[in-house]
Amino acid sequence: MKAVIVDYGLRDHAMTAAKILTVAIAYFVAAELGLQQQLVRGQVTPLWPSTGIALAAMLLLGLRIWPGITLGAFLVNVSIGPTMAAVLSISVGNTLAPICAYLLLERVGFRIELDRLRDALALVFLGAFAGMLVSATVGAGSLVLAGGLQPSEFWPAWSVWWAGDAMGVLVVTPLLLASRTTRVPWNAHPLRWVEGAALLLGTFLVTLLATSGPINLLFLVFPFLIWSALRFQLLGAAACALITTTVAIVSAAHHSGPFAQHNLFLNMVALQAFNGSAALTALLLAAIIVERNKAHQNIKNVCARLNEVADRLARDKKLDLRLPPPRAGERSRHRSQ
């Protein structure tokens with residue numbers, strides 16, 4: 001019996017180690033992609049998808065995978081950090097931020113299905129906006145203390161850092177959570193597949209048009225976000241929000257379109273206002289649609305059960321009417337009894 005318990009314990013530890021390593025690799029790869037659009041000191045970007053991966057991993061696997069986040073953050077920053085102390089400090093901040101977000105979400109009873117409006121609001125305001133204050137403060141402060149940034153550059157770097165981490169949670173975490181429970185509808189009508197492809201392509205092309213011309217046409221994206229939430233719920237909304245924010249960030253990084261005539265601070269204000277509005281619109285509307293569909297399905301189930309009860313009562317009544325009435329002797333005997 002002891003050998004079986006030891007063997008089971010070893011397997012459990014091996015599975016945990018494999019999950020930690022997988023999270024570290026995913027964090028590192030996503031961070032390398034995010035750094036392609038860095039805006040401050042080669043390591044501060046307006047979209048940090050690694051934070052979204054870290055929070056989703058914690059929500060799905062638990063707190064025990066935190067070493068994978070720390071390892072991934074360390075591997076990313078070790079080659080670009082000004083000093084080893086700053087690298088270690090940034091890695092700790094990048095780990096504490098999703099931990100704080102996870103604990104805040106657990107505190108309010110967050111459900112990973114994101115099938116309630118309260119869950120979407122919690123992810124936005126607690127998971128993204130509040131939790132990511134930790135990584136932005138620790139990260140920007142570490143760069144200033146290490147001499148990588150001038151003290152006057154703290155707030156611009158802090159704002160980009162915080163917005164990048166928050167956007168990672170807003171656009172990556174919902175997509176990963178939705179992908180976990182979504183099954184490929186192989187039996188869906190071909191027009192459904194055509195509609196999905198047209199939605200993704202249309203979102204990309206319209207966002208590209210809105211962010212490349214001299215006229216600010218960013219508002220044209222919102223009908224596609226509404227379309228995605230109404231027709232494809234959370235998965236479609238999260239996918240379109242990711243496309244929209246990615247294209248907008250590339251445009252801002254290259255100072256094109258509506259981001260061509262402003263400095264870094266004003267571009268960040270405009271970019272994050274747009275990205276935040278797009279992500280909020282898609283996520284909250286998708287949550288409302290899912291909640292409505294769930295309530296509608298519950299009402300249908302209740303009506304079906306009521307119909308079954310009504311049919312059963314009607315059959316019993318018909319059966320009583322078909323039975324012959326008792327004879328006079330039986331009626332008198334029943335009365336004497």
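A short reminder: the numbers here are calculations on the coordinates, not readings from a lab. From a predicted model like this one, the values you see are computed outputs, not experimental measurements. Cβ atoms come from the backbone with ideal geometry, glycine included; neighbour counts cover every protein chain shown.
Hydrophobic long helices, here whole DSSP H runs in the chain with Kyte-Doolittle means of at least 0.0 and Cα atoms spread over 24 Å or more along the helix axis, are found at 2-34, 84-107, 154-171, 190-210, 222-253, 264-322.
Placing +1 on the Cβ of every Lys and Arg and -1 on the Cβ of every Asp and Glu, with no other charges, gives the range 37-174 a dipole of roughly 120 debye about its Cα centre. Sorting 73-86, 48-61 by average packing, meaning the other beta carbons within 10 Å per residue, from highest down gives 48-61, 73-86.
Would you mind working out the magnitude of the charge dipole of the range 200-322 relative to its Cα centre, with +1 at each Lys and Arg C-beta and -1 at each Asp and Glu C-beta, to the nearest 20 Debye? Numbers along the way, then the final one.
Working: 10 positive and 5 negative charges, 141 e Å.
Using Cβ point charges on Lys, Arg, Asp and Glu, the range 200-322 gives about 680 debye.
At an R0 of 56 angstrom, the distance between the Cβ atoms of His262 and Ala295 translates into a FRET efficiency of 0.80. Taking a straight line from the alpha carbon of Lys300, these aspartates and glutamates sit under 13 Å away, with near neighbours fewer than eight places off in the same chain left out: Glu308. Stretching Gln36 away from Trp155 to a fully extended chain increases their span by 40.7 nm, per 0.36 nm per residue minus the current alpha-carbon distance.
Calculate, in nm to one decimal, what Phe222 and Arg192 gain on full extension: separation in residues at 0.36 nm each, minus their alpha carbon distance. Let's see the in-between values first.
Values: separation 30, 0.36 × 30 = 10.80 nm, distance 2.09 nm.
Answer, rounded to one decimal: 8.7 nm.
With contributions of -39500 (n - 2.57) from each DSSP H run of at least four residues, the per-residue ellipticity at 222 nm computed over the chain stands at -25500 deg cm²/dmol.
Each peptide in 234-244, 294-304 was scored by the mean count of other Cβ atoms within 10 Å over its residues; highest first, the order is 234-244, 294-304.
List the relative contact order of the range 1-183 as a percent without decimals, with contacts defined as Cα pairs under 8 Å and 6+ residues apart. All intermediate terms of the calculation are to be shown ahead of the outcome.
Working: 257 pairs, mean separation 49.6, N = 183.
Normalised by residue count, the contact order of the range 1-183 is 27 percent.
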